[in-house]
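Note sheet for the following structure.
Nothing in this text is a laboratory measurement; each read-out follows from the coordinates by a stated rule. All values reported here derive from a predicted model rather than from experimental measurement.
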Amino acid sequence: MSRKIKFVKETPRLNVKFVQASSGKVLFEIKDRDWMNVGELFTDHYVTELMRQTYDAEYLSKIGKIIVVVAADYQQVIT
């Protein structure tokens, strides 16, 4: 009988990464979120405020487009 490989999320918690689109550089990360509040939290206004609080205006003017990435960890399970 063959073994089955599947992937199981280790935790319901998620990490949200803010990534500079042109370079792929991670600007910062917010850990420990869940699916329910990711959509509610990351509105245009909230993202703008997070960026303003994290970086000064001069640096912000150089960043350009950003990508907000939601990531979850999945553990390989062989049954």
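So here's what we get for this one:
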quantity: Compactness relative to 2.2 N^0.38 Å, alpha carbon Rg of segment 5-78; calculated: 1.30
quantity: Reach of Lys25 by Cα under 23 Å, taken over lysines that are not fewer than 8 positions away in the same chain; calculated: Lys17, Lys62, Lys65
quantity: Calculated from backbone phi, Karplus (6.51, -1.76, 1.60) coupling profile of segment 56-72 in Hz, x at Gly/Pro; calculated: 6, 4, 5, 5, 4, 5, 9, 5, x, 5, 10, 10, 9, 10, 9, 10, 10
quantity: Relative contact order for the chain, counting Cα pairs under 8 Å that sit 6 or more residues apart, in percent; calculated: 53
